[in-house]
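Trainee: Pasting a structure here, questions to come.
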Amino acid sequence: MKYVVVGLIVALLILHQDIWFWENGTLLFGFMPIGLLYHAGISISAAITWYLATQFCWPSHVEEETLAAVGEASETSSKGGSDA
Amino acid sequence: MIQLVIIFSYLMLLLGLGGVASRLFRGTSKDYMLASHSIGPFLLLMSLFGTTMTAFALVGSSGEAYKEGVGVYGQLASSSGIIHSLCFFVIGIKLWSFGKKYGYTTQIQFFRDRLESDKIGILLFPILVGLVIPYLLIGVMSAGTVISSITEGAFTTAFASSDYGIPPWLGSLIISIVVLIYVFFGGMRGTAWANTFQTLVFMVLGIVTFYIISSKLGGLQAASQAVAEKHPSKLMRAVAPQEEEAYEQAFAKWQKVAYYNWAVDSGKLTLTEEQKTAAQESMPPGPPWAKPFLQKQAEAAYAVSNDLLPEMTAEEKKIAEIQQDDRVVPDPKPEGFAEMPFTAFPKTKWEPIALEFFGNQIGHPDEQGKMTRKQAVGRYRAMRWAPEEPHPMNPWAFLTYLFIPLSVGMFPHLFQHWLTAKSASSFKLAVVAHPVFIAIVWVPCVLIGIWATSATMPDNPRVALVPPHFNPNGVLAYMVAQMTNDVLAGFLTAGILAAIMSSLDSQFLCIGTMFTEDVVLHYGGKQRFSDKQIVLMARSFIIAIVALTYFISLLEVRRVFTLGVWCFSGFSSLFPLVFAAVYWRRLTKAGAYACVIAAAGTWLWLFRESNYAGIPGFTFLGMMPVATMITCSTTAMVVVSLVTRPPSDSTLDRFFSNRSSQDTSAS
């Protein structure tokens with residue numbers, strides 16, 4: 001799944017370069033420029049991609065390592081305090 | 001006056017919030033600077049979003065859309081949705097971890113340890129503070145412009161020189177002082193609370209503004225349809241053929257006026273009274289103030305159609321165009337002068353001329369038949385200067401804009417916000433919701449910006465609501481002032497100010513933290529000062545930087561968007577450094593120095609080439625300058641790192657655990 005998420009991010013960066021809408025000023029729903037709606041869609045797609053990233057690629061080991069290190073450090077300092 | 005009361009009440013409310021946060025202040029510098037690592041997912045999302053969405057997002061985006069069209073959303077908003085969250089995910093979580101493990105408060109503390117270099121701080125500190133100043137400038141400047149526009153006519157006799165409203169210098173000063181006060185009382189906790197509150201305020205009021213303006217313009221469809229008819233290029237990133245044709249016709253007409261005025265001023269042509277009367281017969285109707293301009297246009301058309309204009313050399317024609325556009329005629333003339341575009345020459349000091357031209361027609365906006373100073377200046381520009389040439393968006397510039405949002409990886413104030421997180425999981429909501437929040441703010445602003453190009457006065461559909469050559473920084477406030485009543489205008493202005501202040505507060509706090517941690521405590525020693533003294537020093541430095549920024553804001557106005565792009569480009573050029581520091585074991589101290597020097601060097605050089613942000617849309621080699629900066633800084637960093645001694649094993653062990661080194665090597 002990690003590679004799917006990376007692939008989605010790369011795809012978003014490529015799709016962001018929408019040269020196909022460069023000269024298109026069509027108004028969708030009578031008011032929304034097609035180029036603007038397309039890029040708003042890129043924003044929503046980015047949110048979905050990042051949701052998948054938090055579900056399947058979240059670096060939970062970073063938090064565990066950090067909390068363990070902080071725990072050890074505070075334990076050492078409290079021991080040091082009592083020794084003194 | 002109602003707007004003033006609402007804005008004043010909002011500012012008081014904000015100060016109250018800072019006061020409540022100060023009651024929870026634990027009295028330690030760590031609580032003041034990092035809220036004791038207690039910020040949960042919602043507050044983190046709101047404070048990160050509120051901090052990144054500045055005046056740039058509201059005032060800048062609407063102004064830039066007014067000038068350049070809908071492409072501005074793709075340039076910065078949708079790209080930021082991808083890249084900002086990427087930075088939170090890839091850099092933010094790692095830096096939060098290092099900050100929590102090793103007790104960092106600032107970026108420089110991290111770089112000192114990671115690069116085994118004490119002196120890196122001496123190099124980085126002035127660069128980071130120097131880049132934060134233009135960022136602050138955007139907020140301070142925009143606050144003044146917005147308050148001034150919205151309070152126009154609020155006083156009967158005071159502030160005549162700013163159209164009887166709060167002058168921009170005073171508006172900027174008030175906002176700076178209010179933010180300083182609540183930052184001082186509330187510290188990081190107050191800032192996070194105020195950011196959350198203000199982000200909610202500006203998002204809700206932004207949607208209300210959008211609804212009201214679209215209704216006043218006859219609904220969403222009517223507003224956009226007007227753009228499709230009058231300025232279709234604003235709906236795309238190319239120039240529509242019909243707009244190009246309309247421009248060429250308008251430019252040819254303008255040239256006739258320029259040549260006629262030159263001929264009259266140089267004594268080579270004088271129309272008789274009979275000829276002038278004949279010319280005026282074909283003069284189009286218009287308001288009394290426009291008569292002198294319309295008269296000249298009619299006389300120019302008459303002179304051309306009756307073949308009365310004298311023969312002019314190419315050089316004389318160029319001089320005529322330069323003078324008509326209020327630019328400086330060079331002396332001596334450079335080689336190839338006649339072939340140079342007239343826009344290559346700088347503007348003269350034309351504002352006093354414009355004000356003198358309208359003389360006693362200028363007065364209080366409520367007075368019958370009088371115009372404001374801003375209107376006088378705007379009308380003079382609109383009637384006299386060359387029409388604005390529509391231009392397409394450069395695809396290479398569009399592509400290289402993708403580098404600009406990388407700046408969030410190096411923003412010192414975001415680094416500090418990351419460290420406030422209670423846990424790494426607090427980042428999840430921010431990573432996911434950030435792109436959606438950007439869309440919620442930017443889409444309405446961009447639409448309002450393009451609508452402003454084609455909207456007409458409610459009582460006269462023949463007259464444009466926003467005159468040509470309008471200052472883009474003022475488009476949003478102007479639309480709000482013109483399209484809503486006093487009460488709504490007051491609330492909507494409070495919303496715009498909320499967006500501005502929610503960034504200023506984090507930046508103020510961050511520069512104070514950097515000064516105390518990276519300079520005072522690092523060189524003075526931690527035991528030397530009490531917590532109270534540390535907080536006092538942080539506050540003193542903040543005041544000094546804010547005062548400096550404020551005085552710069554009084555000098556010369558630049559487009560908010562242009563200024564923002566330069567500021568972000570500088571931070572982006574340092575992104576390779578933070579990325580390598582986190583993920584590349586081979587990054588060395590010398591490589592880091594090379595990266596910073598290359599980034600700063602190319603930034604300064606290109607900034608100078610752009611006439612110090614005086615050329616909007618400046619590109620280098622057809623691309624955004626940031627592409628060159630990042631290429632140079634990355635190349636310097638990689639090459640120098642590879643030829644110098646790698647960091648010690650103990651440092652590598654500290655920053656690259658077995659798991660993360662496996663991850664890195666696997667990737």
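The values are calculated or read from the model by the stated rules, or taken from the named source; none is laboratory data. Since the model is a prediction, treat every value here as computed from it, not as a measurement. Neighbour counts are summed over all protein chains in view; Cβ atoms, including those assigned to glycine, are modelled from backbone coordinates with ideal geometry. Heavy atoms of the whole protein, side chains included, go into the accessibility calculation; ligands, DNA and RNA do not. Shrake-Rupley method; radii C 1.70, N 1.55, O 1.52, S 1.80 Å.
Trainee: Which ³J(HN,Hα) values in Hz, rounded to whole numbers, follow from the phi angles of the stretch B:606-613 under the Karplus curve 6.51 cos²θ - 1.76 cosθ + 1.60, where θ = phi - 60° and Gly and Pro get x?
Mentor: My calculation for the stretch B:606-613 gives 6, 4, 5, 4, 8, 6, 6, 6 Hz in order.
Trainee: Quick one: which residues, 5 or more positions from B:ILE362 or on another chain, have an amide H under 5 Å from its amide H? H modelled 1.01 Å from N in the peptide plane, none for Pro or chain starts.
Mentor: Here the answer is B:MET371, since their amide H atoms fall under 5 Å of that of B:ILE362.
Trainee: Using packing as a proxy for protection, rank B:568-578, B:166-176 so that the peptide with the highest average count of other Cβ atoms within 10 Å comes first.
Mentor: Going by the mean number of other Cβ atoms within 10 Å, highest first, we get B:568-578, B:166-176.
Trainee: Using only Cα atoms and rounding to the nearest 10 degrees, what angle (0 to 90) does helix B:531-553 make with the longest principal axis of chain B?
Mentor: Tilt relative to chain B: about 20 degrees.
Trainee: Provide the gained length on full extension for the span A:PHE29 to A:GLU64, in nm with one decimal, where the gain is 0.36 nm per separating residue minus the Cα-Cα distance.
Mentor: Working: separation 35, 0.36 × 35 = 12.60 nm, distance 4.93 nm.
Separation in residues times 0.36 nm, less the Cα-Cα distance, equals 7.7 nm.
Trainee: To continue, here is another question. Please give the length that would be gained between B:GLN280 and B:TRP605 if that part of the chain were fully extended, namely 0.36 nm times their separation in residues minus their C-alpha to C-alpha distance (nm, one decimal). It would help to have the intermediate numbers written out before the result.
Mentor: Values: separation 325, 0.36 × 325 = 117.00 nm, distance 5.29 nm.
Between B:GLN280 and B:TRP605, full extension yields 111.7 nm more.
Trainee: Still on this structure, please answer the following. Got a number for the accessible area of B:LYS296? Probe 1.4 Å, square angstrom, nearest 10.
Mentor: My reading of the accessible area for B:LYS296 is about 80 Å².
Trainee: State which entries of B:LYS276/B:LYS347; B:LYS276/B:LYS374; B:LYS101/B:LYS526; B:LYS234/B:LYS317; B:LYS234/B:LYS374 exceed 29 angstrom in Cα-Cα distance in the structure shown. Mind dumping the intermediate values first?
Mentor: Values: B:LYS276/B:LYS347 31 Å; B:LYS276/B:LYS374 31 Å; B:LYS101/B:LYS526 19 Å; B:LYS234/B:LYS317 31 Å; B:LYS234/B:LYS374 25 Å.
Beyond 29 Å: B:LYS276/B:LYS347; B:LYS276/B:LYS374; B:LYS234/B:LYS317.
Trainee: Right, something else. Leaving out ligands, DNA and RNA, what percent of the accessible area of the protein assembly as shown is carbon and sulfur, probe 1.4 Å?
Mentor: 62 percent
Trainee: Follow-up. Could you order peptides B:634-641, B:611-618 by the average number of other Cβ atoms within 10 Å of their residues, highest first?
Mentor: Numbers: B:634-641: 19.2, B:611-618: 14.2.
Descending mean neighbour count gives B:634-641, B:611-618.
Trainee: What quantity of accessible surface, computed with a 1.4 Å probe and excluding non-protein components, is buried in total between chains A and B, in Å² to the nearest 100? Don't jump to the answer; show the numbers that get you there.
Mentor: On the way: alone 6720 and 28160 Å², together 30910 Å².
Using a 1.4 Å probe, the pair buries roughly 4000 Å².
Trainee: Might you report the magnitude of the Cβ-based charge dipole of the protein assembly as shown about its Cα centre, with Lys and Arg at +1 and Asp and Glu at -1, to the nearest 20 debye?
Mentor: Numbers: 51 positive and 53 negative charges, 420 e Å.
Dipole about the Cα centre, nearest 20: 2020 debye.
Trainee: Which one of B:HIS391, B:TYR104, A:PHE29 has its Cα pushed farthest toward the positive end of the charge dipole of the protein assembly as shown, where Lys and Arg give +1 and Asp and Glu give -1 at the Cβ?
Mentor: B:TYR104
Trainee: What's the average, rounded to a whole number, of partner chain beta-carbon atoms within 10 Å of each residue's beta-carbon in B:59-72?
Mentor: Details: counts 0, 0, 0, 0, 0, 0, 1, 0, 0, 0, 4, 10, 6, 2.
That average works out to 2.
Trainee: Mind listing the long-range amide H neighbours of B:ARG327? Cut-off is under 5 Å, sequence gap 5 or more, other chains count too, H placed in the peptide plane at 1.01 Å from N.
Mentor: Hits under the 5 Å cutoff: B:THR348.
Trainee: Let me ask another. Could you work out the local net charge near B:PRO647, counting Lys and Arg as +1, Asp and Glu as -1, over the other residues with Cβ closer than 9 Å to its Cβ?
Mentor: Computed value for this residue: +3.
Trainee: What is the helix-to-structure angle for B:241-265, meaning the angle in degrees between its Cα long axis and the longest Cα principal axis of chain B, kept from 0 to 90 and rounded to the nearest 10?
Mentor: The answer is roughly 60 degrees.
Trainee: Moving to a separate point now. Ignore the peptide's own chain and count Cβ atoms of other chains within 10 Å of each Cβ in A:61-68; give me the average, rounded.
Mentor: That average works out to 6.
Trainee: Just check the protein assembly as shown against the gyration tensor rule for me: Cα atoms, a ≥ b ≥ c as the square roots of the eigenvalues, rounded for a/c under 1.5, and otherwise prolate or oblate depending on whether a/b exceeds b/c. Could the numbers behind the result be given before it?
Mentor: Numbers: a/c = 2.04, a/b = 1.79, b/c = 1.14.
Here the protein assembly as shown falls in the prolate category.
Trainee: Which one of B:PRO458, B:ALA433, B:ILE122 is farthest out on the positive end of the charge dipole of chain B, using unit charges on Cβ (Lys, Arg +1; Asp, Glu -1) and the Cα centre as origin?
Mentor: Working it through, the farthest residue towards the positive pole turns out to be B:ILE122.
Trainee: Also: Is the shape of the stretch A:2-59 best called rounded, prolate or oblate, per the rule: a/c under 1.5 gives rounded, else a/b larger than b/c gives prolate, else oblate, with a ≥ b ≥ c the square roots of the Cα gyration tensor eigenvalues?
Mentor: On the way: a/c = 5.50, a/b = 2.25, b/c = 2.44.
In terms of gyration-tensor shape, oblate.
Trainee: Using a Förster radius of 45 Å, what is the FRET efficiency between B:LYS532 and B:THR651 based on their Cβ-Cβ separation? Nearest 0.05, please.
Mentor: Values: r = 34 Å, r/R0 = 0.77.
My answer for the efficiency is 0.85.
Trainee: If I model a spin label at B:GLN242 and B:GLU367 as a point 7 Å from the Cα along the Cα→Cβ vector, what separation in nanometres do I get?
Mentor: Modelled inter-label distance: 4.3 nm.
Trainee: Sort B:509-520, B:373-384 by packing, meaning the average of other beta carbons within 10 Å per residue, with the highest value first.
Mentor: Values: B:509-520: 24.2, B:373-384: 20.2.
Per-residue mean Cβ counts within 10 Å order the peptides as B:509-520, B:373-384.
Trainee: Provide the net charge surrounding B:LYS374, with neighbours chosen by a C-beta distance below 13 Å and charges set as Lys +1, Arg +1, Asp -1, Glu -1. Don't skip to the end; give the middle numbers.
Mentor: Details: positive: B:LYS370, B:ARG373, B:ARG379, B:ARG381; negative: B:GLU152, B:ASP163, B:GLU351.
Local charge sum for B:LYS374: +1.
Trainee: Full-extension gain between B:ARG586 and B:THR348, please, as 0.36 nm times their residue separation minus the C-alpha to C-alpha distance. The partial results should precede the final answer.
Mentor: On the way: separation 238, 0.36 × 238 = 85.68 nm, distance 5.39 nm.
Taking 0.36 nm per residue and subtracting the Cα distance, the gain is 80.3 nm.
Trainee: In sequence order, what are the phi-derived ³J(HN,Hα) couplings for the stretch A:49-60 according to the Karplus relation 6.51 cos²θ - 1.76 cosθ + 1.60 with θ = phi - 60°, rounded to whole Hz, with x for glycine and proline?
Mentor: 4, 5, 5, 4, 4, 5, 7, 10, 10, 5, x, 5
Trainee: On to the next question. Excluding residues fewer than 8 places away in the same chain, name every one of the lysines whose C-alpha is closer than 21 Å to that of B:LYS589.
Mentor: B:LYS94, B:LYS119
Trainee: Also, I was wondering about something else. At a Förster radius of 41 Å, what calculated FRET efficiency corresponds to the Cβ-Cβ distance of A:GLN55 and B:LEU13, to the nearest 0.05? Before the final figure, lay out each step's value.
Mentor: Numbers: r = 39 Å, r/R0 = 0.94.
Computed FRET efficiency for A:GLN55 and B:LEU13 comes out at 0.60.
Trainee: Now for a separate question. For peptide A:2-11, what's the mean number of Cβ atoms from other chains within 10 Å of each residue's Cβ?
Mentor: Details: counts 1, 0, 0, 0, 1, 0, 0, 5, 0, 0.
The shielding value for this peptide is 1.
Trainee: Can you compute the charge dipole magnitude of chain B about its Cα centre, using +1 on each Lys and Arg Cβ and -1 on each Asp and Glu Cβ, nothing else charged? Give it in debye, rounded to the nearest 20.
Mentor: 2760 debye
Trainee: With angles folded into 0 to 90 degrees, how steeply does helix B:560-573 sit against the dominant principal axis of chain B? Use alpha carbons for both and round to 10.
Mentor: 30 degrees
Trainee: Continuing with the same structure: So which aspartates and glutamates pass the test for B:LYS532, namely a Cα distance under 15 Å, with those fewer than 8 places away in the same chain ruled out?
Mentor: Within the straight-line cut-off, B:LYS532 pairs with B:ASP31, B:GLU517.
Trainee: So if R0 is 56 Å, what FRET efficiency would B:GLU389 and B:ASP486 give, r being the distance between their Cβ atoms, rounded to the nearest 0.05? Intermediate values should be presented prior to the final figure.
Mentor: Values: r = 38 Å, r/R0 = 0.67.
Here the calculated transfer efficiency is 0.90.
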